[in-house]
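Structure, as structure tokens:
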Amino acid sequence: MIGGLQLRKWALASLLVAASAAHAAAQTQTGTLIFAVESLGGQTLDPILEGRPGNAVYQAVMYDSLVGFDFAKGGVGPGVAERWVLSADGLTWTFHIRPGQIFHNNDPLTAHDVKFSLERQMAPNSLAAAAAVMRRTIKSIDVVDDLTVRVNTSSPQIGLPAGLSRAVAPEGAVMPKNYLEKVGEDEFRRKPIGSGPWRFVRSVPGDRLEFEAVSHAHWRGRPNFKNLHLLLVPEESTRVAMVRTGEAAIASIGPETMLSASRSGLEVLAVPGTMQAIYQFYGTYRPEFKNSPVANPRIRQALSLAIDRQQIIDHIMNGRAKMPFPFATFGYTEFLSHERWDKWAREAFRYDPVMARKILAEEGYPNGFELNFANTALPGTQYMVDIGTAIADMWTKVGVRVKLRHYEWGSFPPLVRGDQPALAGGGSMFRTAGRPDIPWRYNSALNTEGVGERLLGDASTCEASCREYLQIHTDLTAERDPVKRTALTDRMVEVVANTWLVVPIIEGMGYYAINSRRVGEFAAIPGRHELGDVFERMPRADQKPWKK
Amino acid sequence: MVFMAVFAPLLAPHSPIDQTLRDKLLPPAWVDGGSMKYLLGTDGFGRDTLSRLIYGTRVSLIIALLALLAGGGVGLLIGIVAGYVGGAVDSVLMRVVDAAFTFPAILFALLLSITMGQGLTTLVMAISLLLWASFARIIRGEVLALKQRDFVALARVRGCSAARIMLTHILPNVLNTFVVLVTLNIGVVVIAEASLSFLGAGVPPPTPTWGGMISEGRGRIADAWWISLIPGVALMLLVLSVNLFGDWLRDRLDPRLRQL
Amino acid sequence: MLLCLVATIVFFLGRLTGNPVDMILPEDATGEDRAALIKTLGLDGPLHEQYLIFVGHALQGDLGTSIRYRQPAVDAFFSRLPNTLAVIPWALLLAMAVGIPLGVVAALNRGNIIDRLVGTVAVLGVATPSFLLGVLLIFVFSVELGWLPSGRMGGPSHYVLPVITLSAFLVAGFARLVRSSMLEVMDSEFVKLARIKGLSETVVIWKHCLRNALIPVLSLWGVFIGNLVTGAIVTETVFAWPGVGRLTYEAVIFRDFPLLQATIILKAVLILSINLMVDILYAYVDPRIRLT
């Protein structure tokens, strides 16, 4: 017979034991988190040698970025810098660095490292994608004190901090100045160090990358696993097989595999708002296409009405996609009137084949017309090809006879340059990644110069809407007042949306198959396809099982 | 098989290309959930497997025949010329053939399809590149042996030009070998088409080919096995029957070719 | 000589496929940015100039720097080569272990149903696209049965499925060759002599016929090793095996010209040297056995 007091003692004791065990579990880092991924890019750990996708997948785990994420909403948030302020004249950004950060060799992270890193990204031998842009826009960088850096620009650059966030681009990666200068570039590439929550262990070319968790607290999150292995497995069915057997905890997959994966008992995760599948028309402003059907905005609108987006979402994307916002806009986009555009999109992107046919007839094409359409997709994104095939089919059903040509992704960019002989007068599939700032993406598609697609007009032909767009874009670059910025952004979206030249089909997601016995339940960052900033926040399976 | 290809439009119960997305991923008729409407099930787009299989026969066989004729034809020509003319021409041509052997064939096909855009013609060209070298080598061997024969010497004595000899005397005699080679290589060609589809250089959708169908369905082996396995089985049967036929043909036509 | 031809073909064909710059640049690059990157990568200048530069470097042993991996292309190749080479001998052995007995059985039962049956089994390996075979093997043995790992390099258990997939293709070749070779030998003079001498049938077959029948098999080694080195792309992709096949494929997709050129040239060198060794081996083996 156990007396009341003894019972209480027992209860208290077991409570204490449980509490300390839980505390210990929270403190211990054990186990290996294994992630099977399709590509490790160039598999180089020097940030200036890798492109955006590679950086996001594997460099992000060991390097911190000057500007970070808003983990809840997606988009930009504090990073290595806690906050940043724009000067009155708009030509200087001052970044205030979070104190107490250290590199993997215990060197403290200071403003000197930030200045060094930015300059390294901009250097002539840097292969960073934005190097040239940075050289054009950044005039100089000053270190004010150990925790303050000033970036001086040659013209007002409202979007500069966003450009240094991994939500947008990888050029904000902070590299260790003292270490690099001491050991030299070659040694740094062999034994890289950063300030991220994971430190580099080894790299087997073409096979894997191994990282080990840091043991101290980190503002990104102290990892719950001791080790992180990123395995290169190009074939998707093999990746899924590895998750099923438990050889990997997480694998990146495509939407077509989501269904089989969950049927096999795996957890699946879809990261919202990571991309849009879009289609666009080229060269429609050119004089030779004046009387062509695709030069008519109403006809282009009809084409959008002929697409049953919901069916594409349900069947090609297996339900794991959303009706889109206007081109290149997402739920986390900055300076946008979200409610207005949500309502607009619901109405504008509806499925109305009757109306589509009516418009075609009204505009003089009751029997339809012929349309050249180019289908292309990033390697590994078969669903994009399927979407292209599906909308071609839907257009055929309203009388538009689509001539579908298929291009391998690498062969596509040359077609977009110069006179666009293969594409002008027709359309193609395309995509846009999820980013919180619009002007940058609009510019690459709609600018009248440069290597972009020049959808709205080119150097010789720039009509009304083209000119208006250019004007808004210029105003936007220098506009500081948030209210005015929002108004300008809304106007820019409106101008482009009404041309129906570049039209989103669906808002896609990043897809993962997960073995719930190997990793606990976690949430990804909205809009960010890659898991590079999420690994440290993933619990172990014993810590937080997937809710059933 | 050939019968199916020719009469495809009449046989197929549904259009192979039209998508009925709502009907997608239905299993074949003999599995739970299947129906007689779609005898062999449907794929991810709601396209009937049976119809696609039938139409695909047409496409795959066309590709195979064209590639064999093209690649084989070139190989035949080179083999004859090299074997008969001999000397420097022979050396040079055989060097080129050797080079072709050391070149990764599949990659060459890939490079070609990237350069020229994907499509039927490109695929045919790419696959014929795989074949010509082996054809050339074997035919050349035959020609070398033939060259020594009496009737060739006779023709030469009579003053026939080299070209005439090659055309009227050599060619008919190597045709046997050629035919055997063609039949034996049909399997190779169809498999190559499948591998190229896997690598992303095959015929673009929505055109059905057996290789393309197998490649498309490979991620779904676990739950929708029929998409890959049915064309896979068909392919196997095709290759088996063609090889048996080729063996029989070879035994008939020329026992000397047993080394093939 | 041969190498020059191969190298030239690769060089020009590769350049025809596009420009890696387009895959690296961000979407908002200007024309100048593109020109600058082209210059950095050494892709500017007329094609024949680039070719001469390439040849010049190549003769000194420098086959360029991989655009994608930012390391000397030769290094990238040699770091993966052992992985491919590790698998080849096993695939050959397995193919021979299955193919040779099949060929013998077929030869001994010439003309009857067993011959046909054996022929069919042998051809099965060639009749299935290797990626389908690989995916199926993974599904059955790794996922459903859990006996073997799904892919990637590792301990011995990781070798099983890739080796099976690779060897499937070769079995038919060995079987067919052994069969015809055996048939020839069985008819030959000295075998008849052995029979007359009264040696038992088993000894005749296994000791005399087989030995001689196996000589031509060596000639297949050269061809098959060549096939394996150049053609393992599909298997390497399915099993995530970091070998040179996959490396070359990626070089094509990403237009990594220096890497593509280097891998193809080095592969050609490899195949040529292996063929040479096989030829020597053949010459060595052949007359010696005749003396027996």
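Every read-out reported here was derived from the displayed coordinates using simple, explicitly stated rules and does not represent laboratory data. These numbers come from a predicted model, not from an experiment. Cβ: placed from backbone, ideal geometry, glycine included. Neighbour counts: every protein chain shown.
What the table below lists for this structure:
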| read-out | value |
| --- | --- |
| Cross-link pairs beyond the 19 Å C-alpha cut-off, checked among A:K73/A:K115; A:K115/A:K182; A:K73/A:K544; A:K358/A:K397 | A:K73/A:K115; A:K73/A:K544 |
| Cα-only radius of gyration and Dmax that characterise the protein assembly as shown, units Å | 32.2, 125 |
| Bins of 10 Å from zero: percent of alpha-carbon pairs in the range A:278-400 | 12, 38, 37, 13, 0 |
| Simple spin-label estimate for A:S264 and A:S516 in nanometres, 7 Å along Cα-Cβ | 1.7 nm |
| Share, in percent, of DSSP beta bridges within the protein assembly as shown that are antiparallel, nearest 5 | 75 percent |
| Hydrodynamic radius of the range A:429-548 per Kirkwood, over alpha carbon pairs, in Å | 17.5 Å |
| Normalised per residue, the volume of the convex hull around the Cα set of the range A:36-130 (Å³) | 145 Å³ |
| Helical contribution to [θ] at 222 nm, DSSP H n ≥ 4, -39,500 (n - 2.57), averaged over chain A, rounded to 500 | -10000 deg cm²/dmol |
| Among the listed pairs A:K139/A:K177; A:K191/C:K267; A:K290/A:K403, those beyond 25 Å (Cα-Cα) | A:K191/C:K267 |
| Exposed-site-free run, longest, chain A (rule: GluC sites (Glu not before Pro); DSSP loop; at most 12 other C-beta within 10 Å) | A:1-448 |
| Rough spin-label spacing in nm, given labels placed 7 Å along Cα→Cβ, for A:A464 and B:L244 | 7.4 nm |
| The range C:56-148: Cα Rg divided by the 2.2 N^0.38 Å rule of thumb | 1.71 |
| Coil-residue chymotrypsin sites (Phe, Trp or Tyr not before Pro) of the range C:83-153, DSSP, other Cβ within 10 Å capped at 12 | C:W147 |
| Bins of 10 Å from zero: percent of alpha-carbon pairs in the range A:358-510 | 9, 33, 36, 19, 3, 0 |
| A:T474 versus B:L77: modelled label distance in nm, points set 7 Å from Cα along the beta carbon direction | 6.1 nm |
| More than 38 Å apart - percent of Cα-Cα pairs taken over chain A | 35 percent |
| Semi-axis lengths (Å, descending) of the ellipsoid that matches the C-alpha gyration tensor of the range B:84-139 | 26, 11, 9 |
| Interatomic Cα distance distribution for the range C:134-178, bins of 5 angstrom, percent | 5, 23, 26, 19, 11, 10, 6, 1 |
